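S.K.: One structure is given below, represented as structure tokens, and several questions about it will come after.
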Amino acid sequence: MDRSAKGFRLERRELGIGLAVGAIAAMLPRSVAAKWHRPRTVRLVTIPAVQSGGLLDELVATFEDETRYTVEVAVSTDPYGQARAGAADIVFSHLGFVDSQEFVQKGFGRWPQCIFSNIVIFVIPPNDPAGIRGLTDPVEAFRRIAETESPFILNNLGEIVFVVDTLWNAAGRPDKAGWFIDEGLQGPAAMQAAAARGGYSAWGLHPFLMLQQQQNLPLEAKLFDDSLFQRIIASVVVNPAKVRGVNLHGALALETFLIAPETQAQIRAFRHPSFDRPIFWPAANNNDN
């Protein structure tokens, strides 16, 4: 079934339900009937990484076209704090964060649903002394950086440290002396150090592109189609039993839309203006028919 047919069926079904609910509500006292009103706005609070290149805008536009919902998007580095404060119906964040685990385990959110992955990149200098620009295997790329003792500046952010440590182990645990530089730098500071030393580093694609818009450092992004570099982003629907004012129906409608095969295909087909390759990867799963 194509999206237009599915959208028509959804519209017709919601119209029928709406008429039935309206008829029942008309027979109830106003104070009771108000509880039957289903809000048409879904409040999504997301981490900044989802904003790369316009994918989220594209998905929201498709969802709004297919339903009668309107999505209000807010970007926050503390989405679960926003959700606890009653500012969100659904949250996007990476899996593996303590905040997301605590939020769900304490009952504030429903079970996370994997939506898609954004990516970590290698940052390389223009002269590429290790010659990794044309490689497709990130382990081989890391091995060459070690073998040529080209400077590699560690970006001390949790997920980046995990990726780099995995690469180091996969490359045979090469001696780090003389080329592997860990000065506790994070984010922009690590990128500035890499630019100053003509070295390599790693970061998320989205923050790197944002930094380049501001500073235009002599560095470029190297993408790898490798699952290690794909960091899963999940949706968590806020529990209305714990947080007042949550639009549960709208949040579940958005989540259902996001994990549908048609939407997952749309995510796979998306391209950032700077790259003719995927920068987001489908991550939804459904093991039950």
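Taken together, the values in this text are just the output of simple stated rules run on the coordinates, not laboratory data. Just so it is clear, the model here is predicted, and its values are computed rather than measured. Note that each Cβ is placed from the backbone with ideal geometry, even for glycine, and that neighbours are counted across all protein chains shown.
S.K.: Name the residue from F180, Q214, N247 whose Cα lies farthest towards the positive end of the charge dipole of the chain, charges +1 on Cβ of Lys and Arg and -1 on Cβ of Asp and Glu.
M.R.: Result: N247.
S.K.: Please list the non-local residues whose amide H lies under 5 Å from the amide H of A202, H modeled 1.01 Å from N, same-chain partners needing a gap of 5 or more.
M.R.: Amide H neighbours of A202, under 5 Å, 5+ apart: V123, N155.
S.K.: Here is a follow-up. Can you give me the pair-distance distribution of region 79-161, C-alpha pairs, 5 Å bins, whole percents?
M.R.: In order of increasing distance, the bins hold 3, 11, 18, 15, 11, 9, 9, 10, 9, 5, 0 percent.
S.K.: When Rg is the radius of gyration of the Cα atoms in region 104-228 and Rh is its Kirkwood radius, what does Rg/Rh come to? Before the final figure, lay out each step's value.
M.R.: Numbers: Rg = 15.5 Å, Rh = 15.2 Å.
On the Cα set of region 104-228, Rg over Rh gives 1.02.
S.K.: Let me ask something else about it. Once the other residues with Cβ under 10 Å from the Cβ of V246 are scored (Lys, Arg +1; Asp, Glu -1), what is the net sum? Don't skip to the end; give the middle numbers.
M.R.: Values: positive: R43, K242, R244; negative: D89.
Once positives and negatives cancel, what remains is +2.
S.K.: Sticking with this structure for a sec: Under unit Cβ charges (Lys, Arg +1; Asp, Glu -1), what dipole magnitude, rounded to 20 debye, does region 119-228 have relative to its Cα centre? All intermediate terms of the calculation are to be shown ahead of the outcome.
M.R.: Values: 7 positive and 13 negative charges, 35 e Å.
Here the size comes out at about 160 debye.
S.K.: Can you give the charge dipole size of the chain about its Cα centre, rounded to the nearest 20 debye, using +1 on the beta carbon of Lys and Arg and -1 on the beta carbon of Asp and Glu? Show your work: numbers first, answer last.
M.R.: Working: 27 positive and 30 negative charges, 251 e Å.
With only Lys, Arg, Asp and Glu charged at Cβ, the dipole is about 1200 debye.
S.K.: So for the pair N285, I232, with labels modelled 7 Å out along Cα→Cβ, what separation do we get in nm?
M.R.: 0.5 nm
S.K.: How fast does region 41-98 diffuse by Stokes-Einstein, in µm²/s, taking the Kirkwood radius from C-alpha pairs at 4 °C and 1.567 mPa s?
M.R.: Numbers: Rh = 11.9 Å.
It diffuses with D of about 109 µm²/s by this estimate.
S.K.: Return the Cα extents of the chain along principal axes one, two and three, sorted largest first, each rounded to a whole Å.
M.R.: 79, 39, 38
S.K.: If you add up the charges near G204, with Lys and Arg at +1 and Asp and Glu at -1, over every other residue whose beta carbon is less than 10 angstrom from its beta carbon, what do you get?
M.R.: Net charge around G204: 0.
S.K.: Of the options S201, P39, Q266, report the single residue whose Cα projects farthest towards the positive end of the charge dipole of the chain (beta-carbon charges: Lys, Arg +1; Asp, Glu -1).
M.R.: The residue sitting farthest along the positive end of the dipole is P39.
S.K.: Compute the signed sum of charges (Lys and Arg +1, Asp and Glu -1) over the other residues within less than 15 Å, Cβ to Cβ, of K106.
M.R.: Values: positive: R84, R110, K242; negative: D99, E102.
Computed value for this residue: +1.
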